[in-house]
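Engineer: My questions all concern the structure below.
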There are 2 protein chains.
Amino acid sequence: MNAPVSTPTSAPALTKNQSLVFDVLTRSDAPMSAYTILDRLRDHGFRAPLQVYRALDKLLEFGMVHRLESLNAFVACAHPESECCGQGHGHGHGTVAFAICESCGHVSEFHDHEVDHRLGDWAKAKNFKPAKTTIEIRGLCGACAA
Amino acid sequence: MNAPVSTPTSAPALTKNQSLVFDVLTRSDAPMSAYTILDRLRDHGFRAPLQVYRALDKLLEFGMVHRLESLNAFVACAHPESECCGQGHGHGHGTVAFAICESCGHVSEFHDHEVDHRLGDWAKAKNFKPAKTTIEIRGLCGACAA
DNA sequence: TCAATTGCGTTATGCTATAACGTGTGTCAT
DNA sequence: ATGACACACGTTATAGCATAACGCAATTGA
């Protein structure tokens, strides 16, 4: 009774816990820490951090969620159009960047092919094999910079 | 007796604690966590994390040390030539990127003007005011990818 | 049917970071 | 000088983030 439930639609089937965590992240308009997610899900039977972290690990693996390293927090992927951004799944469009407003907490996810390319060139030149690339810009969004 | 001691050479004068922390980081060829630094400095009278974090805060402010967000660790700035990389000090050359080897722990610091420029353009277009930008590539260095 | 895999729940623990308090010491305008 | 201020420091306690290690339940597939 703990196996993933396949959906009629698409993408990897999520287990109950994974769905709950993903839903919470999707509804949020700001990044959430694992412990905040845990608190939101107490009513649904969550008791321990590991329940959240395990679900997050899978969602990260599926490319449905991103981790913001500079915040120790998580967001749902902003462009769910066709299987998303993952690296190592073949599809997707490479590295994603984030602009994080330090005032309102809003996060904009975007992709810049040229940036990707430049970093890839550097890696190639140095014989470095990239596994995962993090790009996070912290500052003030248009609304907050007013 | 706790005030910074001015050196004959240059740069902001460091206090004793700041010097100790900076020295430890400079001698290390891999990033160090605050707690690892603390352990290295027990013999020099360090007893509590705050002593390390306070020194690190200043060193970060001076641009002499970088924080690796994806590692929760710190490195000495790799290009001490003329006052370094800082943002907000006027000098320096903008955002710095890091390539982190997940096998040997070695970190390469570099700068790509074009990447900087592209991210700056995105920000301008979105009316986003960047304060600090993080770029970290994790993977395998040439030696370890062998 | 049996072994392997995967998800789950629980308890305990470890690592990372900061809050809040008080002390000492320089600076500088009065 | 003296008092106000800023800053570095030391200490204790606590908050916030993440994982180790155990065992159970269900699914899969040889």
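Coordinate-derived values only; no laboratory data. In this text the structure is predicted, and so the values were computed from the model without any measurement. Note that each Cβ is placed from the backbone with ideal geometry, even for glycine, and that neighbours are counted across all protein chains shown.
Engineer: Within a 10 angstrom radius of each residue's Cβ in A:110-117, how many Cβ atoms of other chains show up on average? Whole number is fine.
Structural biologist: Whole-number average of other-chain Cβ neighbours for A:110-117 is 4.
Engineer: Convert each backbone phi in region A:15-27 into a coupling constant with the Karplus relation 6.51 cos²θ - 1.76 cosθ + 1.60 (shift: θ = phi - 60°), then list the ³J(HN,Hα) values in order as whole Hz, x for Gly and Pro.
Structural biologist: The phi angles translate into 7, 4, 4, 4, 5, 4, 5, 5, 4, 4, 5, 5, 6 Hz.
Engineer: Which far-off residues, 5 or more places away or on another chain, put their amide H under 5 Å from the one on residue B:112, with H placed in the peptide plane?
Structural biologist: The list, which skips near neighbours in sequence, is B:97.
Engineer: What are the label-to-label distances in nm, one decimal and shortest first, from residue B:126 to the same spot in the other copies, with labels 7 Å along Cα to Cβ?
Structural biologist: For residue B:126, the inter-copy label distances come out at 2.5 nm.
Engineer: For residue A:57 and residue B:104, FRET efficiency with R0 = 30 Å and r from the beta-carbon atoms, rounded to 0.05?
Structural biologist: 0.75
Engineer: Another question, then. If amide H atoms are built 1.01 Å from N in the plane of the peptide, which residues on other chains or at least 5 residues away come under 5 Å of the amide H of residue A:68?
Structural biologist: Residues meeting the amide H criterion: A:73, A:74, A:75.
Engineer: Copy-to-copy spacing for residue A:53, label 7 Å out on the Cα-to-C-beta vector, in nm, shortest first?
Structural biologist: 2.0
Engineer: Identify all lysines with a Cα-Cα distance to residue A:16 below 23 Å; exclude those on the same chain that are fewer than 8 residues away in sequence.
Structural biologist: A:58
Engineer: At q = 0.16, 0.29, 0.32 Å⁻¹, what is the log10 ratio I(q)/I(0) for region A:25-76, with the Debye formula run over Cα points and no solvent?
Structural biologist: Relative scattering, expressed as log10 I(q)/I(0), comes to -0.41, -1.26, -1.37.
Engineer: Next question, about the same structure. Nm distances between the label at residue B:13 and the same-position labels in the remaining copies, 7 Å along Cα→Cβ, shortest first?
Structural biologist: Taking the point 7 Å beyond Cα along Cα→Cβ, the inter-copy spacings are 7.0 nm.
Engineer: Can you list the lysines whose alpha carbon sits under 23 Å from that of residue A:129, skipping same-chain ones fewer than 8 residues off?
Structural biologist: Qualifying lysines at Cα under 23 Å: none.
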